[in-house]
Structures are given as C-alpha cells and as structure tokens.
1. Take every DSSP beta bridge whose two residues both sit in the chain, then give the antiparallel share in percent to the nearest 5.
2. Could you work out which residue, out of LEU147, LEU32, LEU125, moves most in a Gaussian network model of the chain, that is, has the largest mean-square fluctuation with Cα springs under 10 Å?
3. What residue among ILE178, ILE135, ILE303 shows peak mean-square fluctuation when the chain is described by a Gaussian network model with Cα springs under 10 Å?
4. Would you kindly state how much longer the chain becomes between GLU107 and SER24 on full extension, computed as 0.36 nm times their sequence separation minus their alpha carbon distance, in nm to one decimal?
5. Measuring with a 1.4 Å probe in the full set of protein chains, what accessible area per residue, in whole Å², belongs to the chain?
6. Can you bin the chain into rounded, prolate or oblate? Criterion: square roots of the alpha carbon gyration tensor eigenvalues sorted a ≥ b ≥ c, rounded for a/c under 1.5, prolate for a/b above b/c, oblate for the rest.
7. With every protein chain in place, what's the accessible area of TYR121 (1.4 Å probe, Å², nearest 10)?
8. Top mean-square fluctuation among CYS34, CYS192, CYS148, Gaussian network model of the chain, C-alpha springs under 10 Å?
Amino acid sequence: MTEALTDIELTVEKGDIFGVIGHSGAGKSTLLRCVNLLERPTSGKVVVNGKEMTALREKELQQERRRIGMIFQHFNLLSTATVTDNIAFPLKLAKWRAPQIKERVDELLELVGLRDHAAKYPSQLSGGQKQRVGIARALATNPDVLLCDEATSALDPQTTQSILQLLQDINEKLGITILLITHEMHVIRSICNRVAVMDGGRIVERGDVLDVFLKPQHPVTREFVGQVSERPDGGFASARHDGTVLRIQFVGESTYEPVLYEVVRETDATFAILQGTVSRMKNTPYGQLLVELRGTSGDTDRIVRRLRERGVDVEVMS
Ligand SMILES: Nc1ncnc2c1ncn2[C@@H]1O[C@H](COP(=O)(O)OP(=O)(O)O)[C@@H](O)[C@H]1O
Ligand SMILES: [Mg+2]
C-alpha cells in the first residue's frame, strides 16, 4: 500500500483562499479528496464547517458534501448534456423543484458569464468556458467551501487569469472559502492569502503568501518561488564593487515611496541601483532592489539602520 499522506495537520480559516503547492505525486489531490471524503484517511479527523466529516454516516455525509463544491483540471462535465443541464445536475440530485432549479441556474449563468451559452454542449465551448460551467455547477447548492484541483492547469495563461479573477470574485463577493491545489507558483501569487508546500506526502512549509515568498525556508519552496521571482541573483554580490551591496525588499505602499532616496540623502553617501523589480502579490505591491552604496562605513551603517527602522527589509551582501 502506498502511504500518500503523512502527518498532515492543516487548518483553513473561513474566507481564506488557501493554496497548496507541490510537484506531481506530492499528495495534493489526495489531500483535497480527503476534505470531502472522496478519499477516507486511514487515521485522523477531517472537520469542515464544524462537522466531523470522518464520523458521519453515508446519508449525513452526502448532505454535508453539498456544502463543499469541487472543480477539476479536466472539468469533468457531462458531454451529452447542455450547459444548463450540467449546472442543474447537482440540484436535481438534491431534489430541488423545477422552477427553483431554473431560477438558480439563471443566477449561476449570470455569475460565471455564460448567459449566451446556456444551450450549448461542452464540445462547443472553449477550455475557459468549460471551467466556468464547472464553477457554476460546483456553486449550485450554495456551498461554503470550494475545492479546486489544478483548475487552471489545462488553460492558457490569459484564460487562467480570467478564471483566477472569477475565483477571487467568488471568494470576496460570496464569502466562499477556497482551497486550491496547483503546481504553479504564479497561481498562488495571484489570488492566495495562505499557502502550504507539500513534498513526499508531507507539508514542509506554510504561512502567509507574502512571508513564504519573501523568506522561503525549505528547498522545495525556494524552487517554487524561483519559478516566478525576478529576485536579483547572487552574481552581483560576487562581482567587484567598490561600495557596499545591499539587497532591499519593499512590501506594501512603501514600494512606491522614495524611502531609499530620503534615507541616503540624510548622509554624504551616494547609491547606484544595480537591479530592481516591482511586482504585485494578490493586492499587495512589493519590490526588490540591488543597490550599491558608496560612502563611509559610518554612513553605510546609518543607512541600513534607518531603512530597517522604516520597515524595509535589508540584507547586506558585501
Ligand atoms: N488510487 C491510487 N492508488 C495508488 N496510489 C495512488 C492512488 N492515487 C494516488 N496515488 C499515489 O499517491 C501519491 C500522491 O498522489 P496525488 O495525491 O495524486 O499527488 P498530486 O496530486 O500531488 O500529483 C502518488 O505517489 C500517487 O502515485
Ligand atoms: Mg493531483
């Protein structure tokens, strides 16, 4: 028997967009399937919405599963049913009446932007539209939680962005908690507030996305962060520089303030920017600069101290 998951202890807070990242085979899908008990863990507890899922009888479990929606990499739509019928499917299972089903399906079509495609079959839709059907179907019974298994991995970059935007809107407007798994760090950076990194069936690192991005600890995390980071590399530090090389990280609004300029101006030192980037993480701007300071050691120390006092993360490279 394969032990797919080991020592998993994970809490997702209400309202989170929680991302789990890992390579293929790390155990991500198994973890996600344990949440709605498509996969039953051999030991331990799963609690969703305060209900201990692992202790429920089959009938209660089916009831609770309606509060947990799920979407998939390959959409898993019924190819012989129209968009409308795909979305209506879980409502029929839940024994809703026809007029209520129609009303709810119309709402969902509007929500995911597929009003004009209601009568089409999946084969007539683009990948992004298929995933929108998947999302509408997953939200049909008004779940509190949405599980996303590599929901954008089969989509091109532009379509991926539009689906991620839809997920973020759903989280913000409907208050739905999202647990998503992916092997792409840019997905985490775009919409998640929390992240866990999996490797070999274990969670090897976790935290606020910003913290994990700026201070990755585990080698696997560093590798994933490296996928999207324009982080200036150490090559500059080993090249010959007369002054002191600083690596500076800005987070939040200070990204756009001329903090560095103000602090250096208080001394007789000068500076040159060797490399710099500004990016966004969800809604937070952040930037990284590699700077060479030229001045006395007293000035340099003062500049480093003053930057740190103003909440800027500074690393002295040489
Ligand atoms: N039904 C199964 N039977 C046997 N092994 C499985 C099954 N599903 C997954 N595994 C194994 O469990 C591990 C984790 O798989 P999975 O959760 O699918 O990883 P991921 O989604 O991160 O790629 C892998 O080693 C995989 O081969
Ligand atoms: Mg998987």
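1. Once the DSSP bridges in the chain are tallied, antiparallel ones form about 60 percent.
2. LEU125
3. ILE303
4. Result: 26.3 nm gained on full extension.
5. For the chain, the solvent-accessible area averages 51 Å² per residue.
6. Taking the square roots of the gyration eigenvalues as a ≥ b ≥ c, the chain is prolate.
7. Rounded to the nearest 10, that gives 100 Å².
8. CYS34
The values are calculated or read from the model by the stated rules, or taken from the named source; none is laboratory data. Keep in mind that this is a model prediction, so the values were computed, not measured. The area values use the complete protein model at the heavy-atom level, side chains included, leaving out ligands, DNA and RNA. Shrake-Rupley method; radii C 1.70, N 1.55, O 1.52, S 1.80 Å.
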